[in-house]
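> One structure coming up, written as structure tokens, with questions to follow.
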Amino acid sequence: MSEERGFSRRKFLQGVGAGALAAGAMPDLARGAEAPEDAPDLAGPGPVPVTLDVNGVRTTIEVEPRVTLLDALRSRLDITGAKKVCDHGACGACTVLLDGRPVYACSMLAIAAQGKKIETVESLAPGGELNAVQQAFVAHDGLQCGFCTSGFVLASEALLRQNPRPSHEEVLEALSGNLCRCGSYQGIKKASGAAPGGG
Amino acid sequence: MYSVGHSEERKDGVAKVRGTARYVDDMTFPGMLHARTIRSTIACGEVLAVRHALEEQGFTVVTARDIPGENVIALIADDQPCLADGVVRHAEEPLLIVAHPQRAALWQARVDVEYHARAPLLDAERSSTIFKEVQIDKGDPGRGFAAADVVVEGEYRTSWQEQLYIEPNGVIAVPENGGVTIHGSLQCPYYVHAALCRVLGLAGGKVRVVQAVTGGGFGGKEEYPSMIAAHAALAALKSGRPVKLVYDRMEDMAATTKRHPAVVRHRTGVTWDGRITAMDIDVLMDAGAYTTLSPVVISRGALHATGPYRCDHVHVRGRAVMTNTPPNGAFRGFGAPQTEFAAEAHMDRIAERLAIDPLTLRERNAWRPGDTTATGQTLGADCSALDVLCEAALRTDFQGKWRRNRGSGRGIGLSLFFHGAGFTGAGEERLASRAALELTAFGARIHVSSTELGQGAHTVLPQIVAETLRVPYEYIEIAPVDTAGVPDSGPTVASRTSMIVGGILQRCAEEMRDRLGSLSPEEYLELHGPLVITKEYERPPGSVWDEEHYRGDAYGTYTFGCNVVELEVDPVTYEARPRRLTAVLDFGKALNPALAKGQIEGGSVQGLGYALLEEVVHKEGRMANNQLANYAIPTTLDVPPLDVVILETPYRHGPFGAKGLVEAPIDGPAPAVINALRNAGYDLRSLPATPEKIMEARCGST
């Protein structure tokens, strides 16, 4: 239906080489019964120390270099707002902010996120008070099942920080890397446009 | 009004935008193992040998021989094993469950399976194994066709559609109290409960099912969670430890249920002035390898096959047949999107044949109150098919645009549709759903097994209670969905929750209000102690259903809708680009207008995906494009402006006039798109309308 979207996704995938490669290897791994005799040992190099600055807290964990930022956040730090949906960089449910820029945490290795400021959805309402974008998502019913919501909230947050008065087209483009199967796009668009700073 | 009719904020909203809502994969239990399913790589054959050394490597391994009860996932026909035992009937059929403390280790689990493969049956039209056949007869079609001036025939095809709930399927099974507790992403806790009792050989009290926050279902978490829960429970009981079994996206897409592909053939008699005199409809659905829910899907499909049109002489035959593909199952609409697509695409071809416009043909034949359906059900005063049709046509200047567009590369298309609310026939009586209301110091707490899936059940049910008790919405709580604590209010399916369960709760609240009299809740509790009111479903008076002959009131009532899609076809790429979708829906009463609008928009978006984008590619019975990168669903850039109009013609047996809502919106977009393509000059009769098919349709017509 939309060529533009296809192109931007492909470009995005090219830009996240390591993660995309790891993901691309999955189809064979997913079929253990078919794995060839000489399948490479998955364990790879042993754990290495990785220091992550997540929501203002620096933590050092020991993880294998192949571990994605998403898995490190969810499994090692128990920060679960970012969701694992496709693990292929195709849906945006794992979106986090990296130095203020939205990235797919499934398509980035944890070691590559060192030295950067990582923000997850949990950081937006630290004391429980919703921030402007979160309030707008609730007010405009920009969610249903909620599983894609943290990704959309962060994509919207990143847009509005960088561009406080986005046009309708800019909102659509900024949110086009995130999928909502409930189809709450009308509410999501309204929320992104209506949050203070939104156009 | 206290709450009903207001756009109250959803009760689950804040936790979801904060990222603090805990879904299954966000939960852990001490000592928990992670599990994975080893699946068949062939579509049909026998398993000759399974070789592995997993126990030595610290894995727990579960095979069919570890099943303490019956090796069956209990549903309708009980023909689907929990784990294949020697015979494989579809690709991705579960063979073994392996579990290990380290999630990453699961991918190193090596299992060699030796098969004797047989040629799979993959073409439903060549299948002779019928899981369910239904026949609907009204009048005398022979007489009807004799009275016709013209007979129009057509064949329409639809393919699979993946539910693609954004949260993949998953459960955690915890051994507890000599039995097992399931925390799961699921729609129907008591379905899982019943299935587990059978497969584990446990009494009901030993099995507990708790719904975790669930990231969408759309039918896809109606029956399949019973399978996953059984697998996790077997591993938990064998290992004595909690077991998490969460599918990854590729496995979920390849292995779990989809919308049934269908072939629908119509033969319709009409007079030159556009009156339908006879309908002969044949519906074939591909059920996949096991019966699962297909008998009810084909039933609903057949019951919706005529479209919302008057006709005195009707014959409908529906069959759901076996093939060697993963079983198809419940998906929003449940058989109706396939048959209503065919009915509405066929209507535009009839109009074309008669040289009248699609609106006029529908106006002449649309049901009015007092008309009878194919099963002989007399439609009540809430039958508003004509109202939604006229509203949509006026709002969009349908006739004017339709005349101007013809053959221009632009198209406008219309679909008129209906959806039966609640279970089919005597289904609601058989379910005998129960709901309970407990008085609290401020208001009340609702106890139901109806699940929040994002559709708003846990917001709208409290609204119904708040309104009835005349207390603020904030004072109504809803108890966690846990089979140990809530009565069985039936499955959360079939657009039944607001209308059926809401109706039971309304009666509970009425009695509570009467019991309270002039006392405040606090005063009542002090004077009389705790108050819990439990009520059961009651059939509306006068409704009858003959299951054997498919005669009578197939549903309590019907929701009506009309879609108009305006689109352009790119002359170079042959992509159809929707420019606007108008959706007029009448479901009696918008209990929460904002949430209702969200359901209409969401169903419309999924319907546009079904119409234009979503294509399951199979190779030898296995899904070949089981990833989000090549099974495309609509994004923000694919969805045109949606103009949603809500009409409210009350249903006298629904709470505050409400009928079922959430499925109806997906019935209309696909035929409206196909009819818009016809208006633009492209003759398509199958879904999805990919650029390749649109190009061929153009070539065929020139």
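> Of the conditions (1) buried (at least 23 other Cβ atoms within 10 Å of the Cβ); (2) under 30 Å from B:Gly621 (Cβ atoms), B:Arg317 clears all except one; give me its number.
(1)
> Moving to a separate point now. Within the stretch B:41-58, how many residues are out of contact with any helix residue (DSSP H, G or I) (no Cβ under 8 Å at 6 or more places or on another chain), within 11 Å of another protein chain (Cβ to nearest Cβ) and either open to solvent by less than 40 Å² (accessible area, probe 1.4 Å) or assigned to a loop (DSSP other than H, G, I, E, B) (or both)?
Residues that pass the stated criteria total 4.
> Just checking, does the stretch B:162-180 include any residue being open to solvent by 60 Å² or more (accessible area, probe 1.4 Å) and touching a helix residue (DSSP H, G or I) at 6+ places or on another chain (Cβ under 8 Å)?
Yes, some residue in the stretch B:162-180 is open to solvent by 60 Å² or more (accessible area, probe 1.4 Å) and touching a helix residue (DSSP H, G or I) at 6+ places or on another chain (Cβ under 8 Å).
> Within the stretch B:541-589, can you find the residues that are of a type in the set (Gly, Ala, Ser) and within 13 Å of another protein chain (Cβ to nearest Cβ)?
Within the stretch B:541-589, B:Ala576, B:Ala583 qualify.
> Give the stretch B:108-136 a look and list any residue that's surrounded by 16 or more Cβ atoms within 10 Å (Cβ to Cβ), within 14 Å of chain A (Cβ to nearest Cβ) and touching a strand residue (DSSP E or B) at 6+ places or on another chain (Cβ under 8 Å), or say none.
B:Ala109, B:Val111, B:Val113, B:Tyr115
> Next up: May I ask you to list pairs of residues, at least six apart or on different chains, whose Cβ atoms are under 6 Å apart, with the first in the stretch B:172-187 being within 14 Å of B:Lys206 (Cα to Cα) and the second being among the polar types (S, T, N, Q) and modelled with pLDDT of 95 or more?
That search, which allows pairs on different chains as well, returns B:Val174/B:Thr181.
> So, one more: Would you confirm whether or not the stretch B:138-145 contains a residue that is buried (at least 18 other Cβ atoms within 10 Å of the Cβ) and among the hydrophobic types (A, V, I, L, M, F, W, C)?
no
> Separate question: Filter the stretch B:529-546 for residues that are open to solvent by less than 60 Å² (accessible area, probe 1.4 Å) and assigned to a strand (DSSP E or B) and give the result.
Matches in the stretch B:529-546: B:Ile533, B:Lys535, B:Trp545, B:Asp546.
> Kindly indicate the residue of the stretch B:332-358 that is within 15 Å of the chain's Cα centre (by Cα) and over 13 Å from B:Ser159 (Cα atoms) and also surrounded by the most Cβ atoms within 10 Å (Cβ to Cβ) among those meeting that condition.
Looking at residues that are within 15 Å of the chain's Cα centre (by Cα) and over 13 Å from B:Ser159 (Cα atoms), I get B:Gly333.
> Given A:Ala90, A:Ala105, which one is within 8 Å of chain B (Cβ to nearest Cβ), among the aliphatic types (A, V, I, L, M), under 17 Å from the mean Cα position of the chain (by Cα) and more than 26 Å from B:Gly456 (Cα to Cα)?
Matching residue, one of A:Ala90, A:Ala105: A:Ala90.
> Testing B:Gly204 on (1) loosely packed, with under 14 Cβ neighbours inside 10 Å; (2) within 14 Å of chain A (Cβ to nearest Cβ), one condition comes back false. Which one is that?
Condition (2) is where B:Gly204 drops out.
> Filter the stretch B:590-634 down to the residues that are β-branched (Val, Ile, Thr) and at the interface with another protein chain (Cβ under 9 Å from one of its Cβ atoms) and list them by number.
B:Val605, B:Ile633
> Give, as residue ranges, the strands (runs of 3 or more DSSP E) completely inside the stretch B:77-166 that count at least 3 residues that are more than 27 Å from B:Ala624 (Cα to Cα).
B:130-138, B:150-158
> While we're on this one: Among the listed residues B:Thr459, B:Thr451, identify the single one that is in a loop (DSSP other than H, G, I, E, B), open to solvent by less than 20 Å² (accessible area, probe 1.4 Å), under 30 Å from B:Val14 (Cα atoms) and not small (Gly, Ala, Ser).
It is B:Thr451.
> Could I ask something else about it? Would you say B:Arg241 is open to solvent by 10 Å² or more (accessible area, probe 1.4 Å) and part of a strand (DSSP E or B)?
no
> Name the one entry in A:Arg74, A:Arg66 that is more than 7 Å from chain B (Cβ to nearest Cβ), over 11 Å from the mean Cα position of the chain (by Cα), more than 20 Å from B:Thr636 (Cα to Cα) and not in a helix (DSSP H, G or I).
Exactly one residue qualifies, and that residue is A:Arg66.
The values are calculated or read from the model by the stated rules, or taken from the named source; none is laboratory data. Source: prediction; values computed, not measured. Note that we place each Cβ from the backbone using ideal geometry, even for glycine, and neighbour counts take in every protein chain shown. Ligands, DNA and RNA are stripped out before the accessible areas are found, and what is left, the full protein with its side chains, is counted by its heavy atoms. Shrake-Rupley method; radii C 1.70, N 1.55, O 1.52, S 1.80 Å.
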